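What follows is one structure encoded as structure tokens, with my remarks underneath.
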Amino acid sequence: MKYRIAVYPGDGIGLEVTPPAVQALQAASAHGSPKRERGTQAEGLELEFTELDWGLRHYQQHGSVVPEDFLEVLRTFDAILLGAVGWPALLPDHVTLAPLVKIRQAFDQYACVRPAKLYPGVRCSLAGKGPEDIDFVVIRENSEGEYVDQGGRLKRGTPDEVAVQTALHTRRGIERILRYGFALARQRRNKLTMITKSNAQKYGYVLWDEILVELAPQFPDIAADKQHCDAAAMNFVRSPEQFDVVVASNLFGDLLTDLGGVISGGLGLAPSTNTNPERTFPSMFEPVHGSAPDIAGRGIANPVAAILSAAMLLDHLQQPQAAERIRTAVAATLASGVGTPDLGGKLRTEEMGREVVERIK
Ligand code: NAD
Ligand code: IPM
Ligand code: MN
């Protein structure tokens, strides 16, 4: 099978962590690895990469972070590998990041899957917790909620200025993300925790609560429960072992996955998908982290989050063995104790990437 992958490194450390992720994909596919003999598992998997120079670089040349037809360009690919976007010192974030949110929504990438897994060998920021305690997946609703572009500003610049920002929750949107979570829970430890804030938000989140009650009887083998987002934030730190599959609305999922990342060894290790489960459109794979201006350009970013996102891309292309080869190599690398500075190590981005790529068999 041949797949066409759009590679969109973006800005800041996105430019640094994407090349190792591409190298991992090449190594995991039959044609990319000089070490691999034809006839092994990956025979027939061919990946063709097209790099897009979008982001700040594109803005400086053309006055916009992406070309006008960016959705049509991306639409033709089988998958998108994104580094990170944003360079707030030069461009306001809401300008730079708007196309990213647009891609997620226009391509109906409604399931944002963000595993929080502490690998052996990685130090945990939580005292007394280890790999057996932190292994859950956050499914973030990625198409509506607080991220819909609905609102407005009135009386700008006056003391009477007003801003209205609407959150949108649809029965269809809530039901499909919960079904996605239930299905994943069936493949894991049969537990689903839905995150809302229905004690304070009585329209949108009460609808979430009602739909959970309606759906749960269809999944009698899954222990389904709910928590308010404030309590969930506390429990991620206090007792992460209680979580298996967590389903959260768009904004809560965003917040909780930075937290999930940091308790699993840091954002340098946390991968993400933006999945269109129906495969009508390409799905997009990217780390949870952003462009990290504080370390960008120094060659010290951890490429593992991007590499694990690339493994999730292979899962989506129904290449689970190739995906697993990458994950096994990451696990072996982390277990060996080497790492970039965020992990307490001394390796540079390229060196860390090479440690993983050389272990892909
Ligand atoms: P960030 O995720 O970029 O960085 C947060 C902290 O984590 C920083 O201290 C950074 O150095 C560290 N970090 C992140 N990734 C790392 C890695 N791979 N290795 C080592 N350390 C790493 O968040 P921020 O600083 O709040 O945001 C920076 C920019 O990125 C902003 O413009 C923001 O809007 C944007 N952003 C983009 C995305 C995305 O592209 N999907 C996601 C989040 C933030
Ligand atoms: C993420 C990011 C984005 C989000 C930003 C960059 C729009 O924080 O992917 O987690 O809020 O979804
Ligand atoms: Mn985020």
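Quick notes
- Residue in the range 278-289 that is farther than 13 Å from Thr193 by Cα, in contact with a Cys (Cβ under 8 Å, 6 or more places away or on another chain) and within 16 Å of ligand 3 (Cβ to nearest atom) present: no
- Yes/no for Val213 being closer than 30 Å to Ala21 by Cα, more than 16 Å from ligand 2 (Cβ to nearest atom) and β-branched (Val, Ile, Thr): no
- Any chance Ala163 is out of contact with any Ser or Thr (no Cβ under 6 Å at 6 or more places or on another chain) and crowded, with 18+ Cβ neighbours inside 10 Å: no
- Within the range 260-278, the set of residues being within 15 Å of ligand 2 (Cβ to nearest atom), of a type outside the set (Gly, Ala, Ser) and either over 19 Å from Leu81 (Cβ atoms) or without any contact (Cβ under 8 Å) to a residue 12 or more places away in the chain (or both) comprises just one member, Val262.
- Asp294 meets each of the listed conditions (1) in contact (Cβ under 8 Å) with a residue 12 or more places away in the chain; (2) surrounded by fewer than 24 Cβ atoms within 10 Å (Cβ to Cβ); (3) acidic (Asp, Glu) apart from (1).
- Single match in Glu175, Glu144 (criterion: in contact with a Gly (Cβ under 9 Å, 6 or more places away or on another chain) and among the acidic types (Asp, Glu)): Glu144
- Conditions (1) in contact with an Asp or Glu (Cβ under 7 Å, 6 or more places away or on another chain); (2) touching a residue at least 12 places away in the same chain (Cβ under 8 Å): number failed by Arg75: (1)
- Any hit, the range 246-259, residues being away from ligand 1 (no atom under 16 Å from the Cβ) and free of Cβ contacts under 8 Å to residues at least 40 places away in the same chain: no
- Listed conditions (1) within 16 Å of ligand 2 (Cβ to nearest atom); (2) under 30 Å from Leu25 (Cα atoms); (3) touching a residue at least 40 places away in the same chain (Cβ under 8 Å) are all met by Ile300, apart from (1).
- Residue that is of a type in the set (Val, Ile, Thr), modelled with pLDDT under 95 and more than 16 Å from ligand 3 (Cβ to nearest atom), where the choices are Val122, Val95: Val95
- From the list Ile195, Ile174, the one residue that fits, being in a strand (DSSP E or B) and in contact with a Phe, Trp or Tyr (Cβ under 6 Å, 6 or more places away or on another chain), is Ile195.
- Only listed residue being surrounded by fewer than 17 Cβ atoms within 10 Å (Cβ to Cβ), under 16 Å from the mean Cα position of the chain (by Cα), at negative phi and within 16 Å of ligand 2 (Cβ to nearest atom), chosen from Leu256, Leu308, Leu251: Leu251
- When we screen Gly145, Gly181 for residues that are on the phi > 0 side of the Ramachandran plot, in contact with a Leu (Cβ under 9 Å, 6 or more places away or on another chain), surrounded by 13 or more Cβ atoms within 10 Å (Cβ to Cβ) and modelled with pLDDT of 95 or more, the only hit is Gly145.
- Residue in the range 214-229 that is least open to solvent (accessible area, probe 1.4 Å), counting only those that are touching a strand residue (DSSP E or B) at 6+ places or on another chain (Cβ under 9 Å) and over 11 Å from Phe182 (Cα atoms): Cys229
- Cross-chain or 6+ apart pairs with Cβ under 8 Å, the range 158-187 first and without any contact (Cβ under 8 Å) to a residue 12 or more places away in the chain, then assigned to a loop (DSSP other than H, G, I, E, B) and not polar (S, T, N, Q): Glu161/Lys155; Val162/Lys155
- Contact map, the range 81-100: first residue open to solvent by 10 Å² or more (accessible area, probe 1.4 Å), second residue near ligand 1 (Cβ under 9 Å from one of its atoms) and polar (S, T, N, Q), Cβ cut-off under 7 Å, separation 6 or more or different chains; pairs are Val85/Thr96; Val85/Ser291; Trp87/Thr96; Trp87/Ser291.
- Helices (runs of 4 or more DSSP H) within the range 55-139 that include 3 or more residues under 21 Å from the mean Cα position of the chain (by Cα) and within 14 Å of ligand 2 (Cβ to nearest atom): 93-96, 98-106
- Qualifying residues in the range 260-291 (those that are among the hydrophobic types (A, V, I, L, M, F, W, C) and open to solvent by 10 Å² or more (accessible area, probe 1.4 Å)) - the one farthest from ligand 1 (Cβ to nearest atom): Phe281
The values are calculated or read from the model by the stated rules, or taken from the named source; none is laboratory data. What you see is a predicted model; the values in this text were computed from it and never measured. Don't worry about glycine lacking a Cβ; one is built from the backbone with ideal geometry, like all the others, and counts go over all protein chains shown. Side chains are part of the model used for accessible areas, which takes the heavy atoms of the whole protein and leaves out ligands, DNA and RNA. Shrake-Rupley method; radii C 1.70, N 1.55, O 1.52, S 1.80 Å.
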